[in-house]
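To keep things clear, I will list the structure first and then write my remarks on it.
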Amino acid sequence: MTSSAKTSLVDPVDASVRLPVLVFFGCAACWLVLGTFLAALAAIKLVWPQFLDGFPFLTYGRVVPAAVNALVYGWASSAGLGIALWLLSRLGRVPLNYAVLPITAALLWNFGVFLGVCSVVAGYSRSILLLEFPGFVSVILFVAYLCVAVWGIVLFRNRAAGAVFVSSWYLVAALLWFPWLYFTGNALLIWNPVAGSAQAPIAAWFSSGVISLWLAPVALASAYYLIPQILGRRLVSYNLCQLGFWSFALFAAWLGTAQLVGGPIPAWMVSAGVVASVLLFIPVLVISLNLFGTLSGAYEATHWSPSLRFTVAGVGAFLLAYVAGAILALPSVAAVFDFTDVLIGQGALLLLGFVSMIFFGAIYYIVPRLLGREWECDGLIRWHFWLFLVGLGVAYTCLTFGGIVQGYALGDPAVRFESSVGFATPFRLVAALCAIALVVGSKCFAGLFFRTVLVVLEEPKSSKEAVAV
Amino acid sequence: MNRMPLLIFGTFLTFASAWLALVAYPYLTLGHLEPVVDEATGSLNPPTLSGLAVAGQKIYAANGCVYCHSQDVRPAYLTADIAREPEADPKVRRTVARDYLRSQPAFVGTLRIGPDLANYGLENRVAALNDIHRHLYDPRGVVSRSIMPSYRYLYKMRKISGQPSNDAVTGLTGPHAPAPGFEVVPSQDAKVLAAYLLSLKRNYPLPEAPEEPTE
């Protein structure tokens with residue numbers, strides 16, 4: 001394919017970001033399959049501990065961090081970086097020059113994640129949630145991220161006059177917050193660790209920040225762009241957007257410490273975390289009202305637009321996850337349900353429900369525009385959607401109910417610890433089956449992605465058509 | 001709102017406020033806690049870890065024990081963490097920041113798929129080193145319905161030549177028990193891990209964590 005052929009069929013701005021964004025999405029799809037596979041393996045081991053027992057690299061305590069890191073840094077962060085680049089160039093109407101740098105950064109980022117996941121299964125983990133990678137790997141990831149973030153900010157700086165959208169605020173904020181967050185976490189906990197007595201609050205703030213200050217803003221940016229765009233409508237209220245953004249920025253930065261109630265940190269830090277989690281209800285409500293308000297009366301569009309279908313499901317998960325998070329942050333509730341499966345369900349809902357569903361929607365929207373060609377198979381998209389929706393919904397319900405039973409069992413000194421495990425087991429078994437459904441769903445998505453990209457690479461350029469919607 | 005300086009300054013300010021409170025403050029205060037001198041014995045609390053236990057901490061981290069086992073005893077007015085240990089002597093108390101002074105990293109934990117290990121090393125719970133090794137090698141041989149993974153990759157099965165080893169793990173049953181003429185001996189990693197687990201005792205007094213009534 002020559003570059004003139006690309007630009008004649010694809011919007012020139014899209015054509016300029018095509019390669020880096022496709023590299024990010026391709027790597028992300030591979031990590032998604034691997035991450036869900038490892039998560040399913042861990043879920044099976046939880047109910048059937050003899051399964052693949054006795055291999056150091058497959059032991060539960062290594063598979064879990066490998067799965068979490070593959071999903072957060074491999075899948076969600078790669079996809080998020082690709083979406084951020086595409087959105088910033090599209091919103092600002094700026095073509096991306098020197099695509100070599102973001103492509104190199106994309107490869108470097110994924111090489112770093114690969115090294116990190118290998119280190120974790122090989123037994124070099126530091127066992128701090130989302131900071132398991134060895135120090136040299138975090139340096140690679142940090143440098144790779146900075147390269148993309150600088151490019152993103154440059155795209156925003158050079159935007160066409162008047163072209164600022166709600167989505168841009170979230171993207172710029174996320175691109176600024178994550179390097180600071182990641183540098184802080186690594187500097188104080190990995191590269192030059194502080195005394196153990198100070199680590200608990202920093203680690204809790206870091207791990208919730210990766211979701212709420214990096215992945216969540218990118219997902220919200222995508223939802224704010226896609227819903228009005230697909231429906232051809234305007235957002236219900238611009239003022240609500242401002243209120244939603246600033247209150248989200250204010251409260252999301254303080255999350256994390258509420259789960260440490262009764263733990264080894266000053267009481268005011270727990271209180272700050274509780275207040276932030278509860279007050280976060282304001283932006284969550286405002287953002288949901290704005291997005292669902294824009295959608296009102298147009299839900300039938302989800303039938304023909306898979307992007308909209310995934311995005312709406314993701315916004316629903318966003319509302320549910322943060323409302324549940326506010327309830328779980330209340331000290332009397334946290335005292336019972338901390339340390340239970342409720343938190344596993346909560347994490348899955350945030351990462352795979354809210355963030356991933358919106359990212360799937362964005363990828364289903366972006367890739368046809370980059371390739372100048374529709375997706376190869378609608379059936380696979382439907383399978384992907386329903387496997388994820390049902391799998392996650394059932395898993396979340398089971399883990400929540402199992403966790404509630406487990407929490408009351410742990411809170412009763414007359415009940416032996418072993419019984420709390422026994423009570424949770426049937427719920428964990430169903431959750432493990434759901435995890436297998438998620439692996440199948442991820443394979444549908446990855447298979448479809450690579451099939452569509454390969455068809456475009458192989459076919460003669462004359463047969464391409466412009467994308468309808 | 002469409003001006004870049006306002007956007008950057010605003011997002012900087014919201015992030016910086018939380019960063020100062022939840023990162024800089026604990027770094028400056030909790031990060032510089034000192035051990036306390038015990039007036040009765042003159043020793044330092046929390047006590048220093050042995051070299052073996054420090055090495056064991058790394059094995060604990062490498063194998064991800066913290067994903068199932070917390071080390072966090074919460075106060076009695078809030079949870080049953082203390083009431084679950086009625087026989088402990090001296091009584092189990094809540095853990096505070098200073099308890100993690102020797103931990104690197106601090107294994108506070110987020111889930112209790114397995115029991116809390118903050119006081120695993122207290123004598124009344126663990127009879128002997130051999131029991132720890134048996135539990136790590138064959139968890140279901142010790143607790144029949146345990147879902148803990150077997151760490152038998154930290155042990156070596158070998159033929160007994162001459163005298164049996166002093167280190168050999170005894171009392172093993174089940175499919176992975178050594179055949180007659182064979183023995184299971186802990187590797188260095190297993191030895192240091194057991195030393196670390198035995199060091200987990202938060203039974204020394206600290207001024208900020210006085211004993212409290214359980215009811």
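Of the residues screened, A:Leu392 is not one that is away from chain B (no Cβ under 14 Å), modelled with pLDDT of 95 or more and surrounded by fewer than 23 Cβ atoms within 10 Å (Cβ to Cβ).
Flag: B:Val169 does not match the condition of being within 7 Å of chain A (Cβ to nearest Cβ), among the β-branched types (Val, Ile, Thr) and in contact (Cβ under 8 Å) with a residue 24 or more places away in the chain. Of all residues assigned to the range B:102-109, at least one qualifies as being aromatic (Phe, Trp, Tyr) and within 18 Å of B:Lys201 (Cβ to Cβ). Taken together, A:Trp254, A:Trp214 contain a single residue that is within 20 Å of the chain's Cα centre (by Cα) and in a loop (DSSP other than H, G, I, E, B), which is A:Trp254.
The condition of being free of Cβ contacts under 8 Å to residues at least 12 places away in the same chain, out of contact with any Pro (no Cβ under 9 Å at 6 or more places or on another chain), farther than 29 Å from B:Met148 by Cα and more than 7 Å from chain A (Cβ to nearest Cβ) holds for only one of B:Phe9, B:Phe15, that being B:Phe9. A:Val284 meets the conditions (1) within 14 Å of chain B (Cβ to nearest Cβ); (2) part of a helix (DSSP H, G or I); (3) touching a helix residue (DSSP H, G or I) at 6+ places or on another chain (Cβ under 6 Å) in every case but one. The failed one is (1).
Please go through the range A:145-184 and pick out each residue that is part of a helix (DSSP H, G or I), in contact (Cβ under 8 Å) with a residue 12 or more places away in the chain and of a type in the set (Val, Ile, Thr). Before the answer, list the steps.
Filtering the range A:145-184 down to residues part of a helix (DSSP H, G or I) leaves A:145-157, A:166-184.
So of that shortlist, the ones also in contact (Cβ under 8 Å) with a residue 12 or more places away in the chain come out as A:145-149, A:151-153, A:155-156, A:166-179, A:181-184.
Those that are part of a helix (DSSP H, G or I), in contact (Cβ under 8 Å) with a residue 12 or more places away in the chain and of a type in the set (Val, Ile, Thr): A:Val148, A:Ile153, A:Val166, A:Val172, A:Thr184.
Among the residues examined, B:Asn119 does not qualify as more than 21 Å from A:Ser419 (Cβ to Cβ) and either of a type in the set (A, V, I, L, M) or at pLDDT below 95 (or both).
Among the conditions (1) outside any helix (DSSP H, G or I); (2) more than 28 Å from A:Met357 (Cβ to Cβ), the only one that A:Ala200 does not satisfy is (1). Tell me whether the range A:364-384 contains one or more residues that are of a type outside the set (Gly, Ala, Ser) and within 14 Å of chain B (Cβ to nearest Cβ). No, that holds for no residue.
Annotation: A:Arg233 fulfils all but one of (1) part of a helix (DSSP H, G or I); (2) more than 9 Å from chain B (Cβ to nearest Cβ); the unmet one is (1).
What residue, among those in the range A:267-281 that are at the interface with chain B (Cβ under 10 Å from one of its Cβ atoms) and out of contact with any Ser or Thr (no Cβ under 8 Å at 6 or more places or on another chain), is farthest from B:Pro105 (Cα to Cα)? Checked the range A:267-281; the qualifying residue farthest from B:Pro105 (Cα to Cα) is A:Ala276.
Rundown of residues vs (1) among the charged types (D, E, K, R); (2) free of Cβ contacts under 8 Å to residues at least 24 places away in the same chain; (3) within 28 Å of A:Gly54 (Cα to Cα); (4) at the interface with chain A (Cβ under 7 Å from one of its Cβ atoms), yes/no style:
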| site | (1), (2), (3), (4) |
| --- | --- |
| B:Gln104 | no, no, yes, yes |
| B:Asp116 | yes, no, yes, no |
| B:Ala128 | no, yes, yes, no |
| B:His133 | no, no, yes, no |
| B:Pro139 | no, yes, yes, no |
| B:Val142 | no, yes, yes, no |
| B:Arg152 | yes, no, yes, yes |
| B:Tyr155 | no, no, yes, no |
| B:Arg158 | yes, no, yes, no |
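Sort through A:Gly422, A:Gly402, A:Gly407 and tell me the only one that's in contact with a strand residue (DSSP E or B) (Cβ under 9 Å, 6 or more places away or on another chain), within 13 Å of chain B (Cβ to nearest Cβ) and either among the small types (Gly, Ala, Ser) or closer than 25 Å to A:Asn69 by Cα (or both). Working first, answer last.
On the way: A:Gly422 fails: in contact with a strand residue (DSSP E or B) (Cβ under 9 Å, 6 or more places away or on another chain); A:Gly402 fails: in contact with a strand residue (DSSP E or B) (Cβ under 9 Å, 6 or more places away or on another chain).
Just one listed residue meets the conditions, A:Gly407.
Taking the residues in the range B:35-81 that are over 20 Å from the mean Cα position of the chain (by Cα) and hydroxyl-bearing (Ser, Thr, Tyr) as candidates, determine which candidate is nearest to the other protein chains (Cβ to nearest Cβ). Checked the range B:35-81; the qualifying residue nearest to the other protein chains (Cβ to nearest Cβ) is B:Tyr77. Of all residue pairs spaced 6 or more apart or on separate chains, none has beta-carbon atoms under 9 Å together with a first member in the range A:427-441 that is under 18 Å from B:Ile113 (Cβ atoms) and a second member that is among the charged types (D, E, K, R) and not in a helix (DSSP H, G or I).
A Cβ distance below 6 Å, combined with a sequence gap of six or more or placement on separate chains, defines the contacts here; from the range A:398-424, residues that are assigned to a loop (DSSP other than H, G, I, E, B) reach residues that are β-branched (Val, Ile, Thr) and surrounded by 16 or more Cβ atoms within 10 Å (Cβ to Cβ) in the pairs A:Gly411/A:Val336.
Condition check: touching a Ser or Thr at 6+ places or on another chain (Cβ under 6 Å) and farther than 25 Å from A:Phe206 by Cα. Does B:Ala83 satisfy that? Outline the logic, then answer.
On the way: touching a Ser or Thr at 6+ places or on another chain (Cβ under 6 Å): yes; farther than 25 Å from A:Phe206 by Cα: yes.
Yes; evaluated as a whole, the condition is true for this residue.
If the condition is being farther than 13 Å from A:Trp205 by Cβ, surrounded by fewer than 14 Cβ atoms within 10 Å (Cβ to Cβ) and polar (S, T, N, Q), then the range B:3-41 contributes B:Thr29, B:Thr41. Residues of the range A:329-349 that are part of a helix (DSSP H, G or I), within 12 Å of another protein chain (Cβ to nearest Cβ) and hydrophobic (A, V, I, L, M, F, W, C): A:Val333, A:Ala334, A:Ala335, A:Val336, A:Phe337, A:Val342, A:Leu343, A:Ile344.
Annotation: of all residues in the range B:43-64 being crowded, with 17+ Cβ neighbours inside 10 Å and polar (S, T, N, Q), the one that is farthest from A:Arg126 (Cα to Cα) is B:Asn45. Scan the range B:98-152 residue by residue and report those that are out of contact with any strand residue (DSSP E or B) (no Cβ under 8 Å at 6 or more places or on another chain), closer than 30 Å to A:Trp205 by Cα and not in a loop (DSSP other than H, G, I, E, B). Matches in the range B:98-152: B:Asp99, B:Tyr100.
Residue by residue, here is whether (1) surrounded by fewer than 16 Cβ atoms within 10 Å (Cβ to Cβ); (2) within 30 Å of B:Tyr204 (Cα to Cα); (3) at pLDDT 90 or above; (4) of a type in the set (A, V, I, L, M) holds:
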{"site": "B:Glu123", "(1), (2), (3), (4)": "yes, yes, no, no"}
{"site": "B:Tyr151", "(1), (2), (3), (4)": "no, no, yes, no"}
{"site": "B:Ile160", "(1), (2), (3), (4)": "yes, no, yes, yes"}
{"site": "B:Val169", "(1), (2), (3), (4)": "no, no, yes, yes"}
{"site": "B:Pro175", "(1), (2), (3), (4)": "yes, no, no, no"}
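The values are calculated or read from the model by the stated rules, or taken from the named source; none is laboratory data. What you are looking at is a predicted structure, and each value in this text was computed from that prediction instead of being measured. Using ideal geometry, Cβ is built from the backbone for each residue, glycine included, and neighbour counts are taken over all protein chains shown.
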